[in-house]
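Structure first, commentary second.
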């Protein structure tokens, strides 16, 4: 089957979420791009190599079958090598235009174009209408200078066009083209529980020095209407038969009133969904948790980051230790599943602060804990400071939240890794915790605990 545009999510063997929680989620970014292309009469095919276990020879075969005019590939920092190898696989069998997008390409476009002849264009930021505009321009032989949001070569020179303004009214976007990927490929926790993912907002006003969200989507938050979100849920239920939803917003609870309105609509319309989301401890309280639980929410993911207030302040997290304690106690009291995510090796980290974080996370009694290695991703303040100090490690394959790439003034890379292993070991190897987890989650819990201990 031929396609005008082929969109590729590259192979992924590094994801900590896939490894620990059996999480395989649809690539929403390229599915939104596919939906906009389809809405405008462009034939599209999507290859999700990460979920479908497709290798580079599989990419070559699909490209030969589809004979695309344009190929788009998404790229995160830890998977940029895989994205570039995917581009090389495409180039071996096709003369199609190759476009790279995603967070890493957005922030490292000059380096990528200088070093990788297989890439023709970079799409920066939100790509839905940039890819459509670029496709139309290339098809008609128009001038590239008129296409906002792209970077490309012109002879020996790299040309960066003006940024494209982000989509202001998210309700105008078509729903992701989920029909282009096999529903059975996606899971969270349970091998037998298909899941759909959704995004209700873009942008983040927070200043966390380790996060690139505001650099990618802007500090101005754009929210969908609750009615539009509910309509998409109904479409997922009707078309896919799925009622388990993972909300992938950077912070789903950023605006509690919006969340409360959404929950009331879910309850009133008796949608019967089960869902989980991200949350900030300063943007949720007991009353909101209660209505969320009534609306089907069973899992809350919190970025705890550190058990040391000085570290939290240094990375501009904007939360307090007492807030974190209170929110986890409330969630525990309400019987909600919680995931506490912490980072070892943030700026200012010492052996003492890391041990304090390990002890603190255990005291919170979360259902699960993730201990990442602090990683300076491109686009973050953390990255800029490390780069300015001359300590930047540019083997991007190590930017997987499991491999230390930057030391602190007190800890070597080896010490940071040892502390991360200690954190997982001390959290998961508690007899009482193992018994409670097995009762709560069943045998899938043992898989998660075993994977965490292999970090």
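Structure above, values below:
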item: Residue in region 405-417 that is under 22 Å from residue 299 (Cα atoms), out of contact with any helix residue (DSSP H, G or I) (no Cβ under 8 Å at 6 or more places or on another chain) and not in a helix (DSSP H, G or I) present; result: no
item: Some residue of region 222-236 being assigned by TED's automatic domain parsing to the domain that holds residue 377, at pLDDT 95 or above and part of a loop (DSSP other than H, G, I, E, B); result: yes
item: Residue within region 66-79 that is touching a helix residue (DSSP H, G or I) at 6+ places or on another chain (Cβ under 7 Å), closer than 30 Å to residue 158 by Cβ and surrounded by fewer than 19 Cβ atoms within 10 Å (Cβ to Cβ) present; result: no
item: Exclusive hit being within 17 Å of residue 362 (Cα to Cα) and in contact with a strand residue (DSSP E or B) (Cβ under 8 Å, 6 or more places away or on another chain), set 331, 279; result: 331
item: Residues satisfying the stated conditions in region 94-126, i.e. within 15 Å of residue 5 (Cα to Cα) and surrounded by fewer than 22 Cβ atoms within 10 Å (Cβ to Cβ); result: 94, 95, 96, 97, 120
item: Check on residue 405, in the same structural domain as residue 341 (by TED's automatic domain parsing), closer than 13 Å to residue 341 by Cβ and modelled with pLDDT of 95 or more; result: no
item: Index of the failed condition, residue 122 passing every other in (1) within 19 Å of residue 46 (Cα to Cα); (2) out of contact with any strand residue (DSSP E or B) (no Cβ under 8 Å at 6 or more places or on another chain); result: (2)
item: Condition met for residue 430 (farther than 23 Å from residue 188 by Cα, touching a residue at least 40 places away in the same chain (Cβ under 8 Å) and surrounded by fewer than 18 Cβ atoms within 10 Å (Cβ to Cβ)); result: yes
item: Residue in region 46-59 that is under 12 Å from residue 131 (Cβ atoms) and under 17 Å from the mean Cα position of the chain (by Cα) present; result: no
item: Number of the condition not met by residue 442 [criteria: (1) at pLDDT 95 or above; (2) out of contact with any helix residue (DSSP H, G or I) (no Cβ under 6 Å at 6 or more places or on another chain)]; result: (1)
item: Long-range neighbours under 7 Å by Cβ, at least six apart or interchain, first residue at positive phi within region 206-226, second part of a loop (DSSP other than H, G, I, E, B); result: 218/166; 218/203
item: Within region 337-357, considering residues that are surrounded by fewer than 19 Cβ atoms within 10 Å (Cβ to Cβ) and under 24 Å from the mean Cα position of the chain (by Cα), the one farthest from residue 440 (Cα to Cα); result: 347
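The values are calculated or read from the model by the stated rules, or taken from the named source; none is laboratory data. What you see is a predicted model, and the numbers here were worked out from it, not measured in a lab. Every residue, glycine as well, gets a Cβ built from its backbone with ideal geometry; the counts of neighbours run over all protein chains shown.
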